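Structure first, then comments.
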């Protein structure tokens, strides 16, 4: 009964009154699983599992699989890439434009819902926040987080009209980057979900952490 009620609650959000809603994921390592992301994208989670890295050994243990399954939806595309940044700034000051979120944005198929889960690697790689900017983006702007996130949202709304877009916020982000994310989400009217108390190993969600993430997403949607 709970699953049925949840699906009924989600249908108006997903603008999908007759068919099961199709969900796409745009993410980083937290949303990867080998074999379920485009070939060439690096994965953090894979099988056979390396227990020195994680205890997540099956795709059904990922947060996104649990959300899609429990909400009664279908997977459209998962274009997640381990180490990916929202900005073009990568680790060791490398140019990560090839794996940046906006670069992979066009590859999400024809979803009813998109979950974007990013910002973690921008924080960890030391990307500059930059200025709040909402138009006339230059390439140099996109090496900083705030303009890059704004550009991502702008392009997402243009490319996927009438698609419900949610942004997921990691619970380990710096205060400044988290606040910046929320301000930009509000500017574009993008609903956001803030994760809390996620269990991790090597800074990545464990089975317990994945389950908590999935439940927090479902709780938010069920409201």
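The values are calculated or read from the model by the stated rules, or taken from the named source; none is laboratory data. Only a predicted model underlies this, so the values are computations on that prediction, with no experimental measurement involved. Please note: Cβ atoms are built from the backbone with ideal geometry, for glycine as well, and neighbour counts cover all protein chains shown.
Side notes on the structure shown:
- The residues of the range 170-191 that are more than 17 Å from residue 151 (Cα to Cα), without any contact (Cβ under 8 Å) to a residue 60 or more places away in the chain and in contact with a helix residue (DSSP H, G or I) (Cβ under 6 Å, 6 or more places away or on another chain), listed by number, are 173, 174.
- In the range 192-217, residue nearest to residue 164 (Cα to Cα) [restricted to those that are touching a helix residue (DSSP H, G or I) at 6+ places or on another chain (Cβ under 6 Å) and assigned to a helix (DSSP H, G or I)]: 217
- Screening residue 180 on (1) under 13 Å from the mean Cα position of the chain (by Cα); (2) in a helix (DSSP H, G or I) shows it passes everything except condition (1).
- Some residue of the range 49-66 being within 12 Å of the chain's Cα centre (by Cα) and assigned to a strand (DSSP E or B): no
- Subset of the range 66-84 (residues that are surrounded by 18 or more Cβ atoms within 10 Å (Cβ to Cβ) and in contact (Cβ under 8 Å) with a residue 60 or more places away in the chain): 66, 67, 71, 73
- Of the residues 138, 144, 103, the single one that is modelled with pLDDT of 95 or more, under 22 Å from residue 32 (Cα atoms) and out of contact with any helix residue (DSSP H, G or I) (no Cβ under 8 Å at 6 or more places or on another chain) is 103.
- Counting only helices (runs of 4 or more DSSP H) that sit wholly inside the range 100-173, those with at least 3 residues that are crowded, with 22+ Cβ neighbours inside 10 Å and over 14 Å from the mean Cα position of the chain (by Cα) are 145-159.
- All conditions in (1) surrounded by fewer than 24 Cβ atoms within 10 Å (Cβ to Cβ); (2) touching a helix residue (DSSP H, G or I) at 6+ places or on another chain (Cβ under 8 Å); (3) farther than 23 Å from residue 201 by Cα hold for residue 91, with the sole exception of (3).
- The requirement of being in contact (Cβ under 8 Å) with a residue 60 or more places away in the chain and in contact with a helix residue (DSSP H, G or I) (Cβ under 6 Å, 6 or more places away or on another chain) is satisfied by residue 152.
- Qualifying residue in the range 16-31 (condition: closer than 17 Å to residue 200 by Cα, touching a helix residue (DSSP H, G or I) at 6+ places or on another chain (Cβ under 6 Å) and modelled with pLDDT of 95 or more): yes
- The residue that is nearest to residue 72 (Cα to Cα), counting only those in the range 194-212 that are in contact with a strand residue (DSSP E or B) (Cβ under 6 Å, 6 or more places away or on another chain) and surrounded by 19 or more Cβ atoms within 10 Å (Cβ to Cβ), is 209.
- Entry remark, the range 21-42: residues being within 14 Å of residue 104 (Cβ to Cβ), assigned to a loop (DSSP other than H, G, I, E, B) and in contact (Cβ under 8 Å) with a residue 12 or more places away in the chain number 6 in total.
- Any hit, the range 77-97, residues being over 27 Å from residue 208 (Cβ atoms), in a loop (DSSP other than H, G, I, E, B), modelled with pLDDT of 95 or more and touching a strand residue (DSSP E or B) at 6+ places or on another chain (Cβ under 8 Å): yes
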